[in-house]
Structures are given as structure tokens and as C-alpha cells.
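These notes are about the structure you will find just below.
Read the figures in this text as sums done on the coordinates, not as results from a lab. What you see is a predicted model; the values in this text were computed from it and never measured. In this analysis, Cβ positions are derived from the backbone assuming ideal geometry, glycine residues included, and neighbour counts consider all displayed protein chains.
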């Protein structure tokens, strides 16, 4: 099935299977196993551990922020090409492309660290929905974080991918309330994640697995209970044609640190991007994505 409009650029087949469309429309997320090899996971962990241990060793424009129990590495794709390859991972990009009509733009790339910490009595995990800095009233669509489905197709213009670099047991890490990407009613303040009317779930993941989810989902992170840190790479994408969520990417002063494909991925662009065309061509030829 083709999506057609007055703009001839929107004339394309979906890269999603019918099963993937059904699941994402129903729940707001998809899980893919082992999109990254164990060797690549180990390489990313080694680099991240070095940058957290020695922030001055992180090359510009990688930004290191951390405290006793958490940390973030921003712009990691500029620090080492292995993180760039992750943001352009073809298996993941096939899904992201299918959710935003083959026109994705990367507007944020960060590696997040979370450690087990003492939890004060009465403190509970929090859920949120990304708002792009402006919380629209009930019943209004946020154009920066929209979800629509119709005529057998999906348009999800703000998609988050989370590739875990460590094993994540149940009741740890990412949590969400499935299906809330379609909700037009705010979560009542009287409900929390322990309430049966707000049934948040978690996911058992292995290092190298990837969660792809709509940022309209009510989501958050469980308190980390393991004796090793949680480490996950978040890549956030938006529909490239209309939106520039983060004016900081691409970082022109460090253009030499990334490939042409990565520069294009981070740029606002009307037409179909070159890397997307190559993925489509590989799919047409029946070649495996990497």
C-alpha cells in the first residue's frame, strides 16, 4: 500500500510488516532482540566506562554529566563511530523509517547510566509523557509528539529507541503503560504505578536488545535493583520534514567527526534521505539488513 498526497515526496511503501503495525498501534512499542553483537556491546561499554571514569578523556563534543548514582554521555555519536553505527543500525532504522514515512531525523543521542541507590521510604517511580517543553491541553494533539494511524498506515513522529548494553531483569529499567500513546486523557494525579488502573509493565532484556517506543507512552524507569549499573543508549528521532526539535544537531564545528550519512540523519530535510534509499533498495533485493 502506498501513502499518497499532493506532495509527490510522500509516495512510499511502508517498511513495517502488518504484524509490526498491529503491535505498535495496539501497545506503542516493539522489542527486537540482538540488534547489536556482543562484541559491539563490549566495545561500547569499554568506551563509556572510560569516559565516565575520566571525563577529560571524552573527546569534544561529548558531554559527561554524572553524580553518585547516575550519569549521561551526550553526543556520543561524535566521540566514536561505533555509536554512530548504532544510530544508523539498519534493523532499527527499518522500523523508525516505517513509523515516520522514511524521513527520520536524529535529534538526540545519549548513553544513560543508572545505579542502585538507597530509596527513601515513600518514594515511588514516576511516569511521564514527553511534551517537547509544552504540555498541550487534553484533547489537543501535540504536533511535535503526534501519533496517528489510518488506512493501514502509521505516523509516529517522535520515536525513541533504547539499546541496552547490559542484561535487564524484570522489574528493572524501562517501564510503560501499554497503549497510552493513543490516550487523550491525562493520567490522574490520584493514580500511581502501584494502582491497578495504571498497570505499568517492565521488560526482560538481554544486552544488545532494542526497545522502540512512542514517546507519547506514559513511561519511565524503575529503580535499579542490580549490583551492576544499567547502561542504555537512547536515540531519539523525529519526522525530518517539519520539525527541528534540537537545533544543536548536527554540530557543525565537529562535522569532521561524523560520516555523511550521520550528518544527513541529523539534518532537517524535505526529501528521502540517502541512507533510507539504500535500506529500501536492500529490502527490495531481499538482502539482510545490518
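In table form, for the structure just shown:
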| read-out | value |
| --- | --- |
| Rg/Rh for region 134-290, where both radii come from Cα atoms and Rh is the Kirkwood radius | 1.00 |
| Shape of region 145-226, Cα gyration tensor, a/c cut at 1.5 | oblate |
| Contact order normalised by residue count of region 221-282, Cα under 8 Å, 6+ apart, percent | 31 percent |
| Ranking of 166, 159, 233 by count of other Cβ atoms within 10 Å, fewest first | 166, 233, 159 |
| Alpha carbon centroid spacing (whole Å) that separates region 47-122 from region 212-290 | 11 Å |
| Length-normalised contact order for the chain - Cα pairs under 8 Å, 6+ apart - percent | 26 percent |
| Taking 210, 290 and counting other C-beta atoms within 10 Å, the order from fewest to most | 290, 210 |
| Residues 52, 234, sorted so that the one with the fewest Cβ neighbours within 10 Å comes first | 234, 52 |
| Cα-based radius of gyration of region 37-173 once divided by 2.2 N^0.38 Å, which approximates compact folds | 1.24 |
| Mean ellipticity per residue at 222 nm, deg cm²/dmol - from DSSP H runs of n ≥ 4 across the chain, formula -39500 (n - 2.57) | -6000 deg cm²/dmol |
| Cα-based shape type of region 77-151, given that a ≥ b ≥ c are square roots of the gyration tensor eigenvalues and the cut on a/c is 1.5 | oblate |
